[in-house]
Structures are given as structure tokens and as C-alpha cells.
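The values are calculated or read from the model by the stated rules, or taken from the named source; none is laboratory data. The structure displayed is predicted, hence computed values, not measured ones. Reconstructed Cβ throughout: ideal geometry from the backbone, glycine too, with neighbour counts over all protein chains shown. Only protein heavy atoms, including side chains, enter the accessible area calculation; ligands, DNA and RNA are left aside. Shrake-Rupley method; radii C 1.70, N 1.55, O 1.52, S 1.80 Å.
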Amino acid sequence: MEQYKSREIEAKWQGYWEAHPELCQANDSSDKPKKYILDMFPYPSAAGLHVGHVESYTATDIVSRYWRAKGFNVLHPQGWDAFGLPAENYAIKTGVHPDFVTHENIKNFTRQIKSLGMSYDWSREIDTSSPEYYKWTQWFFLFLYENGLAYKKKAKVNWCESCQTVLANEQAEGGICERCKNPVVQKDLEQWFFKITDFIEQNKNTAGLLEGLDKLDWPESIKAAQRNWIGKSEGSEIDFKIVGSNLKIKVFTTRIDTIFGCTYCVVAPEHKTIQELKGRIENWPEVEGYIEKTKSKTDLDRMEAKEKTGVEVKGVKVVNPFNDEEVPLFIADYVLAQYGTGAVMAVPAHDERDFEFAKKYDLPIKKVVSPERIPMGKDCFTDDGILINSQEFDGLKSEEAREKMTKWLEEKGLGKKVINYRLRDWLVSRQRYWGAPIPIIYCEKCGEVAVPKEDLPVVLPTDVDFKPTGESPLANSKSFHEVKCPKCGGEARRESDTMDTFVCSSWYYFRYADHVNDEEFAAKEKIQKWLPVDLYVGGAEHAVLHLLYARFFTKALHNLGYIDFDEPFLKLRNQGMIMAEDGRKMSKSLGNVVNPDDAVAGFGADSLRIFEMFMGPLEDAKPWNTQGIVGVRRFLERIWRLQEKITDEESKGVRALVHKTIKKAGEDIEMMKFNTAISAMMILVNEAEKNGIAKDSYGSFVKILAPFAPHIAEEIWEKLGNAESIFASAWPDYDSGLIKDEEINLVVQVNGKMRDMLKVGADIGQDGAKAAALESEKIRVHVAGKEIRKIIFVPGKLLNIVV
RNA sequence: GCCCGGGUGGUGAAAUGGUAGACACAAGGGACUUAAAAUCCCUCGACCGCAAGGUCAUGCGAGUUCGAGUCUCGCCCCGGGCACCA
């Protein structure tokens, strides 16, 4: 017979699908039940598609094709997260315009994705860098602005000298610029923020970012990462009066139970009370010197400092409200200005940082918590325990003490219970060119004015020198920058910053529901129809960036009555990383990157798809293995050759196996266990090869194969005499009567150890099974001369005789 | 340090508390061939045994159970995230 020519078959069917887009289009007016299955849309990089993209796109493609065949109206779109720094950096280096580069890359990505036979609804393609799209990104900015959720303030921000831009905290983790790996410095600049912190806890009837996680079907690790990032901590705020003044230092602590061990206080160098105390500070030049030194340090310097440093603020004492003890005050950069009150009480006996500092500067260490079991051995004991040296609080457990002491404070008006979060408002402005312009105008008379919504989009000019100068490139475009005030018509200037690209990706999943709407970001009834997303698949690296921001946008819309759900993605799965064949991460510098184009050329798209699904569970990291893809190719060739094994009289065994496999494949796809679905199909192919397969069974098998290997499935389906695409046909039903085995292998154990296996009727009862077992010589050997104490019987499966 | 995952053959991996290693890859042997490729058949956790069969075995140690890879506790190792957050 004819060989399996994957290249020809794949080209043929890709052409067919291109001509029949209705096979995978979502239908806005159908009343079938819906499924919204979404991939994290890619940034169209110059490197092109990665085998990791292929993995997650194949997974969602299988699920989408499955639900379509099951009669669902499936929305499975794709688009481009097209704004961003790499294209701009490339432009700075080569002078090629980011718009051109980005669209070349999009063309390449599209070609690659289509070469894999993905069933996207391309009619809904979006591109975040198109004015039709970013008009609505700007609308979202104004929506948040009008509702008090976007504001401008002068702030200490992360600044990257090399990229010449401000960075979000998330892009400056560890004090290093995510893009260029250079250290980040702090700068005071006017910046735009989104008030994400308004949604950490429940806000009116909108569930908070924290509690909302509980009901989501997401990987535990991602939920944990988000909780971690939000960093909720419950504690107390305590007033320490400054001796001889009506000023006070407010400190934040989660360990108020240790307050009798407080031997000094520390404030961050940036703390403003220090400036107010200037006149009283005896060693002002030294203090000021330390403050200046801190300012010049990058976050990285501060974090990498091996030893804690600080300066005593001489002439200033603060009072511990619990025992009226006067303790010294220090400034030190190990205390962070941005967290809590920027001031801490130091308890060296029960906090390692304070301990280290106290040792260095020879400060007293006073133990006030004693371990419950083991006697106190270490110098610094940081766990909870029993209070000692704490006056009337002696003998209390830490937890009780915290409650009672906070109450005591509140009664005296010296402090209160507070909750602090690490999460801060999201800094969204960027001094960059290749992004959505912020729709704000500054007028000398009227001040900050929102661009009227009817004037959107504020179009990104194309004739701009995008070389970074520290100011937004847009500031240099006169035509863009000089504008009339929308309120008074007077001279005004446009905001020249653009938005963080994460703003574009915070709402794109709404746009697919109604991607050409020019009146709204998406019509209410379309949102109602398609959202929320039923399944979202993408990389785990977006745990705290995109996924948190998108939830914030959805919550803001819900809170203000635009939508009636408050979580965008009900079910989330991460694809595991595909490692190189050598077990290391794929990277350009190691030269071990596998290009999907090469795999498609060498083995075919169907082989690549099945191989990536067969490697192991979707979420696991797993190494590439060229031999493995060869094996999958062989599997497809055997499926192909089954055309020669079609018989009129099919064996009972094969018929039953076909139905079992239909059941198993469907269940496994729903659980996203693609590897075991494929192994079940392999078992069927092995049997069919040996015993032949009936034409209708072969057709059913090809249908369940189709989501995994759509090209070969179409070709065989056609060869079986079907005129219509296999993707217009329904998922096969299985006959549960056929699946039931008449005879089963009953495992017989003695004392929990398998000793024999008996072929018996499937409906055998305990007594019958026991009788049959005792007839077996293998069993009798182990039971002889002993008293049977107990019989465990699992119908249809197992008999355990306990002697 | 804290928070998540994981540790099963030579390899990727299967296994609602019920036959550990399905399905593959690699390896070895054989058939076909002048030969090779392709294809097909057999073997394939370790140890003892001619075999039947037996013993051991899912990172280590305990526990629960008739029965534990799976549940509980303690430890070791690996991967990932966060980290001077008071």
C-alpha cells in the first residue's frame, strides 16, 4: 500500500482547514453549551516558536477539538502580546522600527502555529499593538482613573540605568533588572499607579485577591506564590513616645509578645521623623552622612551587605509603653522604609536580625520568651514560647500574650491591631516608546485632564526617535506632545509615558469575545456568553505578574458593575518545562535548543504533537528525546497500515477494546492526562494489528486519535470513504455493555500477598470466590493447617485470605 | 530561613488503599535480506533456581491497615518560588 507521507498529508489538510475556517470557529449565536479554552498569548519574539509553546498549544488544541466533537460551542482564539521591550531594544540597536519587526515576527509565529495544525479561531485574532486594540487599553486606564483606581504620585521607583526606564517591583526582583540583569537604582519620579491594593481583601461584593484563590482550580504552587507575593501579615502598631517631645515613632511588629525584650528601636534612613528631629540630634552630621550614603546605594547593595550597619540617633530616646523604659534609637538600612511603618522595635533575644545588630553595636539582649520544651540554649530564640520577665504577662503563651497585649495597648490608646501587606500598588508608567500611550493631558490651567473617551485612541506616532534618553521618546515628538486642552482649549501637553505591557495583557481575554467592537471593549451579552475562561494554560513564570494583574482587572470590572463574575480564569494549568536532551535548560548559549520547525520537517507535525503529549504529565518538566519522537512516528505508521488490517469479522476482544479505549481517551482528555490516553490508543493498535479491526471500529478509533494527530486522522477518515471533515463528526459513543468483562482475573492473596490469579465469572460472589480459591493448589500450600481468621473480598477484583 | 512540588527499572513513565513497573525508548537475541535499512518475533528490576516457584524491591526510618508507591509522623536528597517584609 501507499506509504504514510506526513509532509503531503499535512500540507493537504492545512490547506483544507484554511478553506474551511468554520470547523473551528466559535459561534456567537449558537445555543449549545460553551467552553472557553485559552492559551496565554505569546510575545512574538524574534526567536520564534519554542517547543514549550508547542506543548501547551497542543494540550489546549486537543481539549478544544474534544469539546467541539462532544457538541460544545468552543471559543479557542489566539493573538499577540505585541508591545514590549525586546522589539524596542532591537530597534535601538539596528534602527529597524519595532512595528515592522513585531509584525515580521507575528508572520513567522503564525506560519509556525499553522504548520502544527492548531485549530484556533483565527477570525478573532488580536494584536495589542494595533490602535483598534490599544484604544481599549487606554479606555481601561481611564476607567480606572475615573473610579479612583489610577493615580499619579511622586515615588521612589526602580530605575534601570541601562534600559533607561522605570520598572515594576515584579520586574526588579532582587534589585536586578529583569531585562538586562543590571542593578536597579532608586529614583524619585512622578509615576502612574493602579490601586491593586484596594482588592487584596473583599471590596463591597467583590471577593478579594487573597480569598478568591480558594475557589479556583489552579495549581497549588501558583496560589501559594500569589499568597506569598501579597504577603499578608497580622500584627500590632505600637507608639513609642520620643522623650521630651510630643512626637512619636510608630513601630510595626508581629511579635508584640516579645516587647519586654525591646532594648532599642530602629527606623529606616528615609523615615521622615528623623528630619523633624534634626535640631535635637547631637550627631546630626553622622546621621545625615548615613542617610546620604543609603540614598546612593542600589537595592542590590543594600541586600548584599554582609554586615548590618547603622547609626545611633544621639540625643533622642524613645519609650517602651509597656514598661516605660527609655531605649536608644538607631537608623539602619536593614529596616525597609516601604514596609509597615518604616520603624521597628528591636528585640535581639528573639529576632536574628536584631541579634546580629545588637552583637555588632554591643547593645543589651534581654530574654523574655522561654521555649516550651527544650531549655533555652541558643542566644537567639525566634519561636513562640512562654513569656518571662514580662510583668503581668509572665506565664502566658506567645499567642495568648499577643492578643492580651494588643488589647492592653488599644485600651490605653497606645496602639492597635494592624494588617500589613507586601503587595504595593502597581506602577504602570514606562518611559518607553513601544507601548500604549497613557491618555492624559496636562493643561496649565486645568491641570491633569483625561482624554475624552471619544478621542481615543491616542495614537502612537510612528515618526519618533525611540532611542532612550531618560524621558519618554514620545516627549520628543512635537506633533504628539503639543496638544489643546480638551477642557479649556488652551495650550497643553500630552502625557508622554506609555503603559506597562502587562496592562495590555490584563484584559485581552475579554476582547476575544467581541474583538471588532468599536463601541465597547466587549459587549455585555458577548461577555456573558463566553466568559469566564474555562481552561487557561501557560507557563508558571506568570504566577505573580500577569495572573495577579488580570485578576485585579476582572475584580475592578465586577466591583463597578460591568460584569457578574470576579475571577477571570476558573481552571489553570501550567505546562512543565521541556528540557534539552542533555537534561539542562534549553538555551541559545548552550546551543541545545530544539526548533519545532526542524521537528516538523523531520517527523511531521502529528508526530511532534503526540510525542510532546506522550512524554509525561503536562505539568512535569521533562527532557527532549529524539529517539522518543522516532518511536511516535512509528506508532503513526502502524496506525496508517491498519488500513490493510480491516476485516469484516472483528474479534470480540478487539471490539471490546475499541469501546474501552473510547471511554478511556475521553476521560483522560477531560483530566488532561494525555500521556495515558495515548498509551491506551497504542494498546488498541497493538491488538488491532494482530487480530484485525472492523471498518466502523477503525473509524471510531481515528476519531479519538483526531484531536492528537489531526492530519493523519483526516486522511484516514477520507480514505474510509467519508466526504466530510472528521472534525464535523461527533465524538463516538461507547457501549457500556461491551466494556463489561464476562470473565475477570481474580487476584487471590494470603495475608495480603498475591499467591494466585483465577479466571472466574465477573459476577462471582464471596463464597464462590472463596471456594474457587481453596481449590487452588497454590493457595492451599499457604493455608494448609491454619485457621482462616478473616476473608476480605473486593467484588470483581480480589480475595484476601487472612490466616 | 519560609512556602510549593518531587524522589518508582538503563531512560521517559503507569498504577480509585488491592497483580508495582502498563505504554514507550534504549539494549540484547532471532527471522527476513547478498547486505543494510525498514518490518516482524522473543528477552529485558535484582537475587536464588533447569523449571515450577521463591525472596527482595517504589529515597531512609517508624506507624495505621487484612493489604501501603499511594494514608500519618520523623528524617535525607533534588527542583521551583519568595526572602533583611520585623
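Protection proxy ranking for A:499-507, A:153-161, using the average of other Cβ atoms within 10 Å per residue and placing the highest first: A:499-507, A:153-161. For the pair residue A:412 and residue A:481, how long in nm is the line joining their label points, each one 7 Å along Cα→Cβ? So the two model labels end up 5.8 nm from each other.
Taking 14 Å as the straight-line reach from the Cα of residue A:778, the aspartates and glutamates in range (excluding those fewer than 8 positions away in the same chain) are A:756.
Charging the Cβ of each Asp and Glu at -1 and of each Lys and Arg at +1, and nothing else, the dipole of segment A:542-657 about its Cα centre rounds to 240 debye. Stokes-Einstein diffusion for segment A:175-333 at 4 °C, viscosity 1.567 mPa s, with a Kirkwood radius from C-alpha pairs, works out to 68 µm²/s. Only Cα pairs under 8 Å and 6+ residues apart enter the sum, and on that basis the relative contact order of chain A stands at 14 percent. With each label modelled as a point 7 angstrom along the Cα→C-beta vector, the residue A:595-residue A:284 pair spans 6.8 nm. Simple rule: put +1 on each Lys or Arg Cβ and -1 on each Asp or Glu Cβ in chain A, find the dipole, and look at A:140, A:261, A:732; the Cα lying farthest toward the positive end is A:261. If R0 equals 25 Å, the separation of the Cβ atoms of residue A:571 and residue A:641 corresponds to a calculated FRET efficiency of about 0.05. Helix A:398-412 and the longest principal axis of the Cα set of chain A meet at an angle near 40°.
Between residue A:228 and residue A:211, the contour length at 0.36 nm per residue exceeds the Cα-Cα span by 4.8 nm. Taking the inverse of the mean 1/r over every pair of distinct Cα atoms in segment A:324-465 gives a Kirkwood hydrodynamic radius of 20.6 Å. When all alpha carbon pairs of chain A are counted in 10 Å bins from zero, the resulting P(r) reads 2, 11, 17, 18, 17, 14, 11, 7, 3, 1, 0 %. Sites listed here are GluC sites (Glu not before Pro) in segment A:301-353 whose DSSP assignment is loop and whose Cβ has at most 10 other Cβ atoms within 10 Å: A:307. Extension gain, residue A:762 to residue A:462, is 100.5 nm, computed as 0.36 nm per intervening residue step minus the present C-alpha separation. Mind checking the angle between helix A:695-705 and chain A's longest principal axis? C-alpha axes, 0 to 90 degrees, to the nearest 10. So the inclination is approximately 10 degrees.
Of the chymotrypsin sites (Phe, Trp or Tyr not before Pro) in segment A:13-53, not one is in a loop by DSSP (not H, G, I, E or B) with at most 13 other beta carbons within 10 Å.
Rolling a 1.4 angstrom probe over chain A with all protein chains present gives an accessible area of which 49% lies on carbon and sulfur atoms. Helical runs assigned H by DSSP (4 residues or longer) give chain A a calculated mean residue ellipticity at 222 nm of -10500 deg cm²/dmol, each run adding -39500 (n - 2.57) before division by the residue total. For segment A:43-195, DSSP calls about 90 percent of its internal beta bridges antiparallel. Straight-distance candidates among the lysines for linking to residue A:314, with alpha-carbon spacing under 17 Å and chain neighbours fewer than 8 residues away dropped: A:241, A:248, A:272, A:278.
Per-residue packing, averaged as other Cβ atoms within 10 Å, sorts the ranges A:558-567, A:98-107 into the order A:98-107, A:558-567, beginning with the highest. Remark: segment A:495-597 carries a charge dipole of roughly 440 debye about the Cα centre, counting +1 on each Lys and Arg Cβ and -1 on each Asp and Glu Cβ. Each Lys and Arg contributes +1 and each Asp and Glu -1, all at the Cβ; summed about the Cα centre of chain A, the dipole is approximately 1180 debye. Annotation note: chymotrypsin sites (Phe, Trp or Tyr not before Pro) in segment A:281-364 located in DSSP loop regions with a Cβ neighbour count of at most 14 within 10 Å are absent. Of A:238, A:646, A:589, which is farthest on the positive side of the dipole of chain A, counting Cα position, with +1 on Lys and Arg Cβ, -1 on Asp and Glu Cβ, and the Cα centre as origin? It is A:238, whose Cα lies furthest towards the positive end.
Taking every DSSP bridge with both residues inside segment A:246-376, close to 75 percent are antiparallel. Counted over chain A, the DSSP beta bridges are approximately 75% antiparallel.
Between residue A:221 and residue A:1, the modelled labels are 4.3 nm apart [label points 7 Å from Cα along Cα→Cβ].
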